[in-house]
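Engineer: Have a look at the structure that comes next, please.
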Amino acid sequence: MRVAGIDCGTNSIRLLIADVPGANGAALDDIVRRMEIVRLGEGVDRTGRFDPDALQRTLDVVSDYAAQCDRYGVEAIRFVATSASRDASNRDVFIAGVRERLGVDPRVISGDDEARFSFRGAISALGSELLGSTAGAGSGGDAVPAGDERLILTVDLGGGSTELALGRPDGQVVASYSMDVGSVRMRERHLHSDPVTDAEIVAARADVNALLDAAEQQIDLSSPHVLVGLAGTVTTVTAQALGLESYVPERIHGTRLTWPQIDEVCEWFLRASLGERRALGFMHPGRADVIHAGALVWQQVVRRVVERTAHTQHPIMEAVTSEHDILDGVTLWAAEAGD
């Protein structure tokens, strides 16, 4: 069965067309995987509304994605909209525009649902990497043994929000929380200078830490055995840590970075100028102006998890990077809906 999932966030809109089940027993076999930076959430944190130009940029890409779905004979489509669409008072205009172009109603999902879709998508593509195997990055991973009760924390760091999901290798989510903090939102709130000032960094860190304090009322950050980072900020930080000259998903997926590596690379992004960030060969042009803000968020999240697990029997000193996330989870949902 050929299905499609579309994830429309604050910064980007992404399409996955896949066959289900995939080759060799995989959950999904990618046919088309695309990402466009449209910055739908530009200004939403300040105004509470979608900007007309941002809406038009996004709907133009929706038209393109609709043509792709027709071309590849997609049988079922699911479209989800996340943080910016939850916050925008004029989201009905966006919903109507998507319906007109794609023939389906976008689902504006809650932060908890976003966390669960992200967790499912990550788990669908990570096997032995989650178990601490010495298998190399991008190896595809062995199947997770039945009955594994270890807890995995996934962190889906987007443009407008960051979803935390704590669950088991069988896909069961036991707790989740959505924080209104992401790369676009943090840049618009705090990081205005180029390069940023110490005072801006202090204010941004305080904002993220306050939200992490709230998250800890819902999720025990000392409980995970494995930490997994998802989405563009995390994969871009990983590309820099690996010293890549261009963006290579197969190299990035499944990579393990130690906390000192993450801290160092995030600090570099935070202190670098916009010109230095743009000069990186793997950097998407639409991400360069917000990646430093996203790196700050990732740095604070990982630091908190490292601190909380330090005196447990399973201290976390590294994070696994996944190229698979909410988009994969939504595409699997489309397969179930099309059964």
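Engineer: Please list, ordered by first then second residue, the pairs with beta carbon atoms under 7 Å, 6 or more apart or interchain, first in the stretch 25-51 and under 25 Å from His284 (Cα atoms), second outside any helix (DSSP H, G or I) and hydroxyl-bearing (Ser, Thr, Tyr).
Structural biologist: Sorted first by the residue in the stretch 25-51, then by its partner, the pairs are Ile31/Tyr72; Val32/Tyr72; Met35/Ser12; Glu36/Ser12; Ile37/Ser12; Val38/Ser12; Leu40/Thr10; Gly41/Thr10.
Engineer: Moving on. Do you know which residues across the stretch 307-329 are surrounded by fewer than 20 Cβ atoms within 10 Å (Cβ to Cβ) and β-branched (Val, Ile, Thr)? Break it down stepwise before answering.
Structural biologist: Quick first cut of the stretch 307-329, residues surrounded by fewer than 20 Cβ atoms within 10 Å (Cβ to Cβ) only: 307-308, 310-315, 317-318.
Thr312 - this is the single residue of the stretch 307-329 that is surrounded by fewer than 20 Cβ atoms within 10 Å (Cβ to Cβ) and β-branched (Val, Ile, Thr).
Engineer: Quick check on the stretch 2-29: of everything there that is surrounded by fewer than 16 Cβ atoms within 10 Å (Cβ to Cβ) and touching a strand residue (DSSP E or B) at 6+ places or on another chain (Cβ under 7 Å), which residue is farthest from Ile291 (Cα to Cα)?
Structural biologist: Ala23
Engineer: In the list Gly254, Gly281, Gly286, Gly275, which residue meets the criterion of being over 19 Å from Leu191 (Cβ atoms), surrounded by fewer than 21 Cβ atoms within 10 Å (Cβ to Cβ) and out of contact with any Cys (no Cβ under 6 Å at 6 or more places or on another chain)?
Structural biologist: Sole residue among the options that is over 19 Å from Leu191 (Cβ atoms), surrounded by fewer than 21 Cβ atoms within 10 Å (Cβ to Cβ) and out of contact with any Cys (no Cβ under 6 Å at 6 or more places or on another chain): Gly281.
Engineer: Being over 14 Å from Arg34 (Cβ atoms) and in a helix (DSSP H, G or I) is the filter here, so list the residues in the stretch 59-91 that pass it.
Structural biologist: Leu59, Asp70, Ser83, Ala84, Ser85, Arg86, Asp87, Arg91
Engineer: Take the residues in the stretch 228-280 that are of a type in the set (D, E, K, R) and within 25 Å of Ser124 (Cα to Cα); name whichever of them is modelled with the lowest pLDDT. If you could, list the steps in order and put the result at the bottom.
Structural biologist: Here is the first cut: in the stretch 228-280, the ones of a type in the set (D, E, K, R) are 245, 250-251, 256, 263-264, 267, 271, 276-278.
The next check asks that each one be within 25 Å of Ser124 (Cα to Cα); those that pass are 250-251, 256.
Values: Glu250: 90, Arg251: 94, Arg256: 95.
Ranking the candidates gives Glu250 first.
Engineer: While we're on this one: Sort through Asp198, Asp207 and tell me the only one that's open to solvent by 10 Å² or more (accessible area, probe 1.4 Å), more than 17 Å from Thr10 (Cα to Cα) and out of contact with any helix residue (DSSP H, G or I) (no Cβ under 9 Å at 6 or more places or on another chain).
Structural biologist: Working: Asp207 fails: out of contact with any helix residue (DSSP H, G or I) (no Cβ under 9 Å at 6 or more places or on another chain).
Going through Asp198, Asp207 in turn, the sole match is Asp198.
Engineer: Are there helices (runs of 4 or more DSSP H) fully within the stretch 231-339 with at least 3 residues that are over 14 Å from the mean Cα position of the chain (by Cα), of a type in the set (Asp, Glu) and farther than 16 Å from Gly182 by Cα? List them. Don't jump to the end; show me each part of the working.
Structural biologist: Working: elements: 231-242, 249-252, 259-271, 274-278, 291-309, 326-337.
Counting at least 3 such residues, we get 259-271.
Engineer: Every residue in the stretch 157-173 that is open to solvent by 10 Å² or more (accessible area, probe 1.4 Å), touching a strand residue (DSSP E or B) at 6+ places or on another chain (Cβ under 6 Å) and not aliphatic (A, V, I, L, M), please.
Structural biologist: Of everything in the stretch 157-173, nothing turns out to be open to solvent by 10 Å² or more (accessible area, probe 1.4 Å), touching a strand residue (DSSP E or B) at 6+ places or on another chain (Cβ under 6 Å) and not aliphatic (A, V, I, L, M).
The values are calculated or read from the model by the stated rules, or taken from the named source; none is laboratory data. From a predicted model like this one, the values you see are computed outputs, not experimental measurements. Here the Cβ is made from the backbone with ideal geometry for all residues, glycine too, and neighbour counts use every protein chain on show. Ligands, DNA and RNA are excluded from the accessible area calculation, which covers all protein heavy atoms including side chains. Shrake-Rupley method; radii C 1.70, N 1.55, O 1.52, S 1.80 Å.
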